[in-house]
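Below is one structure, written out as structure tokens; comments come after it.
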Amino acid sequence: MLIKNNDTGLTSITLKSGIFPYQLEICLYIVDGILIDTGSANTLSKLKRVLNKEKISCAAITHVHEDHTGAASWIKRNLNIPVYLHNDSISEAAVKTSIPLYRRLVWGNRDGFDADPMPLFIETGRYRLDVIEAPGHHNNHMVFHEKKMGWLFTGDLYVSRRQLVAFKDENISDAINSIKNLLQLDFKTVFCGHSGIHHNGKEKLKAKLDYFLQIQEQVRYLEKTGLPHEDINRKLFPGKNLWTKISGREWSSLNIIKTI
Ligand SMILES: [Zn+2]
């Protein structure tokens, strides 16, 4: 699905990646010619059709995960434009991924690509995106802020308010600090990499921070009683999570406990 706003020059693209039941949604944005994130290998053919019609001046990638870098190699080879990525992820991006089966079914392995070092800001005729480090979901995660419009492109930092599992690359303490830092900025609308556009984005991000802080307080209290992390996990997240099982524990609530 593609929604174009001719007044703002902002296009949002929603794509389904994978085959049912191994299917998840990806949201990409084009801001006056800047493509934010590039989808997965499994959404490449759909995205190619869009990109062949749109005028793109560069791509800016929030982080190196395979559901954000899928079309990067194709873009570099065919559109001859910069594909910006965090400096510390450039060497990882140069190598084709080799991901477990469950991620291959949903996202697919992406090809290696020569990324360009992320600048401090990206300017178009109309807008200026300030690039801000926001580790948490991934250590080299970045977000893009358009101050005049009150827009914040958050990649995978938000996704949902209540997070029940964390990926193995995630660090929730870092996410807490990043969200605190971002809440100091002027913005209203959050553009998420999976859950779309949130017009009350600042409130939602604040609610996510409150949720994390609540868990952090509980974990700190239980740690003082001498309870091991595994027992704290069973106490705070008693239900079995299907993703934890399918992912061979790459996603788990224990990772929230351990990193918070
Ligand atoms: Zn991610």
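The values are calculated or read from the model by the stated rules, or taken from the named source; none is laboratory data. Remember, predicted model here, so these are calculated numbers, not experimental data. Don't worry about glycine lacking a Cβ; one is built from the backbone with ideal geometry, like all the others, and counts go over all protein chains shown.
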* Return the only residue of Val64, Val95, Val83 being crowded, with 22+ Cβ neighbours inside 10 Å, of a type outside the set (Asp, Glu) and more than 18 Å from His137 (Cβ to Cβ). => Val83
* Which one is nearest to the ligand (Cβ to nearest atom), of the residues in region 24-59 that are over 16 Å from the mean Cα position of the chain (by Cα) and assigned to a loop (DSSP other than H, G, I, E, B)? -> Ile56
* To do: Tell me, please, whether a residue that is under 24 Å from Gly39 (Cα atoms), surrounded by fewer than 18 Cβ atoms within 10 Å (Cβ to Cβ) and out of contact with any Ser or Thr (no Cβ under 9 Å at 6 or more places or on another chain) can be found in region 223-241.
  => no
* Which listed residue, of Arg110, Arg126, is surrounded by fewer than 17 Cβ atoms within 10 Å (Cβ to Cβ) and either part of a strand (DSSP E or B) or of a type in the set (Lys, Arg) (or both) -> Arg126
* Asked: Which residue out of Phe144, Phe153 is in contact (Cβ under 8 Å) with a residue 40 or more places away in the chain, within 15 Å of the ligand (Cβ to nearest atom) and assigned to a strand (DSSP E or B)?
  -> Phe153
* Residue list for region 3-23, restricted to those being touching a residue at least 12 places away in the same chain (Cβ under 8 Å), under 21 Å from Ser40 (Cα atoms) and in a loop (DSSP other than H, G, I, E, B) -> none
* To do: Residues being away from the ligand (no atom under 16 Å from the Cβ), closer than 10 Å to Phe113 by Cβ and in contact with a strand residue (DSSP E or B) (Cβ under 7 Å, 6 or more places away or on another chain): count how many of those fall in region 60-89.
  => 3
* Considering each of Leu105, Leu129 in turn, give the residue that is more than 16 Å from the ligand (Cβ to nearest atom), under 22 Å from Leu15 (Cα atoms) and not polar (S, T, N, Q). => Leu105
* Of the numbered conditions (1) within 20 Å of Trp251 (Cα to Cα); (2) within 16 Å of the ligand (Cβ to nearest atom), Val190 satisfies every one except a single condition; which is it? -> (1)
* Asked: Taking Leu213, is it modelled with pLDDT of 95 or more and farther than 30 Å from Tyr22 by Cα?
  -> yes
* Within the group Leu213, Leu164, which residue is part of a loop (DSSP other than H, G, I, E, B) and more than 15 Å from the chain's Cα centre (by Cα)? -> Leu164
